[in-house]
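Some notes on the structure that comes next.
Values quoted throughout were computed directly from the atomic coordinates according to the rules given, and no laboratory measurement underlies them. Just so you know, these numbers come straight off a predicted model, no measurement behind them. With ideal geometry, Cβ positions are generated from the backbone for all residues, glycine too; neighbour counts draw on all protein chains shown.
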């Protein structure tokens, strides 16, 4: 698979996803053998206009596992040139002469697309803006389901927490909709439910879904429970009761309701969504997501570097 | 060519410049073949007391293309030791035990020279102070002329914009003065013209020059037009009219006046000096300067690392 | 020697110290030959919750000399996840999927121990909290004595300056106490003398020591004088006279009193403790400490990476 840029989840068709996941499996075998030096003449620039040390480390780890080199800045917005008013387009063309691939975290929706429009160097979107895309997170989530449940077709997934604002769950719902016989349970207090645009998309593609507020009732039915945070301050702002949050706290009691083959996922960091007491349960998949993130990013880097 | 340190433009004689450019050409061929691993046991420390992500990336890219390794700090001034009052000399001796070459961006004029005086590890000056030196920028500019016009002897160069304060144009004028039959056109509003010290130097070395304020008239005569920014706030401060700036804006109309073999150069970032509409014109050389910067820095690193 | 984690000086027995120093000697030979690429598939994460560019550079230089790769952050406390309230334990588990060894500089005493408790990836403590441990500094100090004096048994060491608060001298006193027939001279103004806990430890292990305030008298007797800074503002705060400090200023006059085989050491940065005029004296060992720090850290990395 040769990709020119990685900009948004929508660019991946079903056959591309399958091919990407096979490539990630291959990266897993390479990683177990200690990585490769095949890309030791390649340079990846981490161009971060916003802090996200975790995402940056994940990409940089992936590049190093391939033998490659890194140019990094955590403060692209203090680039003297950016401060001087340089356009994103000019910055990208300059950095394109320093690196073979640019991993871009931009602070504006559509930043990655603008960059790709002028760049002969591959752009990989590492998140653009609050309401924008973060495709590599969505891909690693889907890959974790694929590896953990062995299939995505027919999978039953509960998405839990702040579904209104969560970029992660919105993208995942979008990608899940591409597979056959998937069932999605959106579980959230009323003022945190998933937005209509995603529901319209799922309806159009004949994807089964339901909107719930009761996690307990749903747990026995699903293969995956994907938890995300509701900030307490948002709860009160939107007129929900603080106690609501405790219903979504996954601890040993709630875990008993979940089938033995199922997965508990979370994009991390977690605070009061998942009890550390269940970390050693084989169903706890949130740290596996971290590892799978490196594999997916290795696969994407290989796909754009050729 | 073996260099001990790279501190200022003045240290390069004409034969050294020719040798450096031939080495840079060789680096170009290495880069096209994918770089080398010849320096994979070498470490370059980027010791930046001021932000300059672009210059840092250019050096780090050069070092990676040679196979080498990087220690980087964008905030050398918050080095706990520097905050504690450590002298630059002590810091340099310490870092000299961590690296094989130190790329130093210091905030004081003469910083690089002070560092070199105590350092057995090579120092490369990546800019020292506002009125100080930035020799690698001047060298990459000269190299871009050499590659683009095929010769430097007899070249006719228009230097445009803020010539009073621009470190870049001052250094370039200095280096150009070393070559035979060069003609330099200093084009700027009165309060932004080149300072007398440079004119004295050129007079002493029998270099032809003229001081102009009209760019249009000069364009048909030159091989290179090198544009730099005049900050609008400085214009009003110095009693010039804001409209003056528009005379120096290089767009399709002005480009028509320039010979077909000529180059448009700019140290970047550009704001209102050059229209993006001319970016695809073969004469637009400002992004080529970026690439040439990597080649020149590879050549300099090779020269100091041996 | 296979180490799981490097957390505190106390974990090193006498035979382990001997083995570590032999390994560091071996690293010296490797460094002279230009380093190795043996660890080119390994990744070290520099996770610094506090600035310490010097310590970070030393570790990163060591890792590069082994051929390895680096993930670095100088601002782990602005990790978006940490800002969001993530526990150190979760952060460590995440970073453990990105790297093969984590060098941790934490802002709380016991941070490294907490990290090691949950980490299957080796943790190396690069300093934790003001009153905490900085074991690699203590090890490089001891190694410098071992290399400079040829033995540690029977060595006579003057520890000078702020002995109350200095993490460095406290750890070094602790390690010295493990060797036979060592003599320790604690030389400080009354309100900066070593604390009782260290004296109790030395008494218990039958280590000879004395408390002095006169450096001049002691110099002729010792093999090592280890100087540390007393901040002038602390002097007045604690009711000592500012002139006291000048008694501890090691210059040419004081140096004459020191045996010709002895060492002058300092953890750096130095300000008014040691005159630059003695830098070229063969007894000046403070910059050698810097180099030995790289060797000790190479040896420790090899020991945890296996």
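Which order do the peptides A:4-12, C:104-112 come out in when sorted by mean C-beta neighbours inside 10 angstrom, highest first?
So the order, starting with the most tightly packed, is C:104-112, A:4-12.
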Helix axis angle, A:14-32 relative to chain A longest principal axis, alpha carbon, degrees: 80
Acute angle (nearest 10 degrees) that the helix B:135-149 long axis makes with the longest principal axis of chain B, alpha-carbon atoms: 50
Considering only chain A, percent of DSSP beta bridges that pair antiparallel, nearest 5: 0
Within segment C:267-306, backbone nitrogen closer than 19 Å to the virtual label 7 Å beyond the Cα of residue C:19 toward Cβ: C:296-306
Ascending list, in nanometres, of distances separating the residue C:260 label from those of the other copies (7 Å, Cα toward Cβ): 8.1, 8.1
Average other protein chain Cβ within 10 Å of Cβ, residues A:55-61: 6
Kirkwood Rh and Cα Rg combined as Rg over Rh, evaluated for the protein assembly as shown: 1.01
Whole-Å distance, taken between Cα centres, linking segment A:158-172 and segment B:103-123: 52
Segment A:180-208-segment C:206-269 distance, computed between alpha-carbon centres (Å): 73
Shortest-first distances to equivalent copies, position residue C:237, nm, label 7 Å out along Cβ: 4.1, 4.1
Chain A: angle of helix A:53-65 to the longest principal axis, Cα-based, in degrees nearest 10: 60
Cα gyration tensor of segment B:1-137 - equivalent ellipsoid semi-axes, whole Å, descending: 25, 18, 13
Chain A: most fluctuating residue of A:178, A:156, A:256 per GNM, C-alpha cutoff 10 Å: A:256
Modelled FRET efficiency - R0 25 Å, residue A:279 with residue A:29, Cβ distances, 0.05 increments: 0.40
Using a 7 Å Cα-to-Cβ projection, residue B:275 label spacings across copies, nm, ascending: 6.9, 6.9
FRET E, pair residue B:77, residue C:233, Förster distance 22 Å, beta-carbon r, rounded to 0.05: 0.55
Top of A:204, A:130, A:288 by mean-square fluctuation, Gaussian network on chain A, Cα under 10 Å: A:204
Where only alpha carbons of chain A are counted, the Rg and the Dmax (Å): 19.6, 57
10 Å-binned pair-distance histogram of segment A:135-286 (Cα, whole percent): 11, 45, 36, 7, 0
Residue among C:250, C:278, C:92 with the largest mean-square fluctuation in a Gaussian network model of chain C, springs linking Cα atoms under 10 Å: C:278
Theoretical ellipticity at 222 nm over the protein assembly as shown - DSSP helices of four or more residues, -39500 (n - 2.57) apiece, nearest 500: -11500 deg cm²/dmol
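What ranking, highest mean first, results for peptides A:292-300, C:65-73, C:161-169 when packing means the other Cβ atoms within 10 Å averaged over each residue?
A:292-300, C:65-73, C:161-169
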Fraction of beta bridges assigned by DSSP in segment C:135-286 that are antiparallel (%, nearest 5): 0
